[in-house]
Amino acid sequence: MPSLLISLMKWRKKFMRDWGKYNMWPLSFISEDNLLKHVEATIQQYGDKLEPYNLEKFNKNIIDPVKLIFDKTVYKFSWEEIVKNEIFRQRDKSNNNDIGYFHQRVFQYIAGCDVPASGWDVVFAKKDGIDISDGDTVSRVFVEMKNKHNTMNSSASGKTYIRMQSRLLADDDCACFLVEVIAKQSQNIAWTVSVDSQQKKHRRIRRVSIDKFYSLVTGQEDAFYQMCMVLPDIIEKTVFSTVASIVPKDSVISELKEIVQAENGSFALTLYMLGFSRYNGFLRIPNL
């Protein structure tokens with residue numbers, strides 16, 4: 001295990017031990033009650049993705065049996081593992097929006113920040129000014145937040161940049177940030193974008209990693225790091241105390257086993273029938 005990871009684990013252990021020892025909440029920029037409330041609201045956003053999967057729901061968009069069989073064999077998974085992995089993949093496809101909800105709306109609990117119902121993801125304002133870079137100070141920062149640095153194509157990037165330009169033209173005491181949760185590196189740089197085949201760049205239109213934005217908003221350089229240190233325990237505490245009853249109990253494996261046994265067949269054939277039951281050469285299994 002890399003030495004940096006070992007050091008991080010040791011520091012987090014001490015961080016959480018001291019929290020418990022002194023019964024003190026370690027974050028000054030958000031209260032424990034508010035973070036618990038926000039984590040609970042985020043989990044509730046998962047909605048029907050927390051509903052149990054039966055065979056009908058599992059095959060709603062028609063699975064790819066060939067891929068599942070390849071994955072099972074190459075990675076040496078059991079049938080149970082490969083089905084669980086596919087269920088997780090299906091749930092995970094739509095979970096990014098829910099995690100985006102967490103990253104965006106947590107700022108409603110942080111001083112100076114507003115999370116509008118529509119429009120910008122976050123608006124940060126400070127009466128005595130916000131130093132965005134190299135002494136350039138503004139009163140307001142308008143934020144477009146993205147989960148990952150590569151989620152926008154060139155067309156989407158261009159439209160976002162033009163929107164930010166329009167904001168600057170309407171308000172000469174502001175800046176616009178593209179804040180990335182998963183950025184390539186910690187950064188607060190002028191955002192360069194190609195618009196109509198021309199490179200555009202403005203010192204007040206900036207590309208900022210989430211840690212730098214937390215630092216700007218809270219005045220604490222490692223604020224995002226502090227949040228990450230307490231988050232696992234807060235999530236566990238929230239799940240245990242409020243939503244443990246909605247942890248899904250999937251029935252896909254048991255239903256597949258029943259079909260295998262009833263047809264005296266195999267898992268591979270049963271999976272084939274989920275995807276290929278109407279194809280030439282495949283006999284259709286009833287009720288699928």
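The values are calculated or read from the model by the stated rules, or taken from the named source; none is laboratory data. Please read these numbers as outputs of a predicted model, since none were measured by experiment. Please note: Cβ atoms are built from the backbone with ideal geometry, for glycine as well, and neighbour counts cover all protein chains shown. Just the protein is used for accessible areas: all its heavy atoms, side chains included, with ligands, DNA and RNA removed. Shrake-Rupley method; radii C 1.70, N 1.55, O 1.52, S 1.80 Å.
Descriptive notes on the structure:
- Checked against (1) more than 21 Å from VAL181 (Cα to Cα); (2) surrounded by fewer than 12 Cβ atoms within 10 Å (Cβ to Cβ); (3) of a type outside the set (Phe, Trp, Tyr), ASN97 passes all but condition (1).
- Residues located in the stretch 30-47, provided they are under 18 Å from the mean Cα position of the chain (by Cα) and either in a helix (DSSP H, G or I) or of a type in the set (D, E, K, R) (or both): LEU35, LEU36, LYS37, HIS38, VAL39, GLU40, ALA41, THR42, ILE43, GLN44, GLN45, GLY47
- Residue check for ALA41: under 30 Å from VAL138 (Cβ atoms) and either surrounded by fewer than 16 Cβ atoms within 10 Å (Cβ to Cβ) or modelled with pLDDT under 85 (or both): no
- Residue list for the stretch 153-175, filter: within 22 Å of PRO116 (Cα to Cα) and within 22 Å of the chain's Cα centre (by Cα): ALA156, SER157, THR160
- Members of the stretch 55-72 found to be in a helix (DSSP H, G or I), open to solvent by 90 Å² or more (accessible area, probe 1.4 Å) and closer than 20 Å to ILE259 by Cα, listed by number: GLU56
- Selection count, the stretch 93-113, where residues are farther than 11 Å from VAL217 by Cβ, of a type in the set (Val, Ile, Thr) and at pLDDT 95 or above: 0
- Residues of the stretch 121-158 satisfying the condition of being open to solvent by 20 Å² or more (accessible area, probe 1.4 Å), touching a residue at least 12 places away in the same chain (Cβ under 8 Å) and of a type in the set (Val, Ile, Thr): VAL123
- For the stretch 218-258, a tally of residues being over 21 Å from the mean Cα position of the chain (by Cα) and at pLDDT 90 or above returns 13.
- Some residue of the stretch 90-111 being hydroxyl-bearing (Ser, Thr, Tyr) and out of contact with any helix residue (DSSP H, G or I) (no Cβ under 8 Å at 6 or more places or on another chain): no
- Test result for CYS228, farther than 27 Å from HIS38 by Cα, open to solvent by less than 70 Å² (accessible area, probe 1.4 Å) and of a type outside the set (S, T, N, Q): no
- The stretch 193-216, subset closer than 21 Å to VAL122 by Cα and of a type in the set (Ser, Thr, Tyr), residue surrounded by the fewest Cβ atoms within 10 Å (Cβ to Cβ): SER215
- Among the residues listed as TYR161, TYR75, the single one being aromatic (Phe, Trp, Tyr) and open to solvent by 30 Å² or more (accessible area, probe 1.4 Å): TYR75
- In the stretch 180-204, the residues that are over 30 Å from ALA223 (Cβ atoms) reach residues that are in a loop (DSSP other than H, G, I, E, B) and open to solvent by 60 Å² or more (accessible area, probe 1.4 Å) with C-beta atoms within less than 8 angstrom, at least six apart or across chains, in these pairs: GLN199/THR192; LYS200/THR192.
- Considered as a group, the residues in the stretch 90-148 that are closer than 21 Å to LYS159 by Cα and part of a loop (DSSP other than H, G, I, E, B) include one that is nearest to the chain's Cα centre (by Cα), and that residue is ASP121.
- Condition met for VAL115 (open to solvent by less than 30 Å² (accessible area, probe 1.4 Å), without any contact (Cβ under 8 Å) to a residue 60 or more places away in the chain and aliphatic (A, V, I, L, M)): yes
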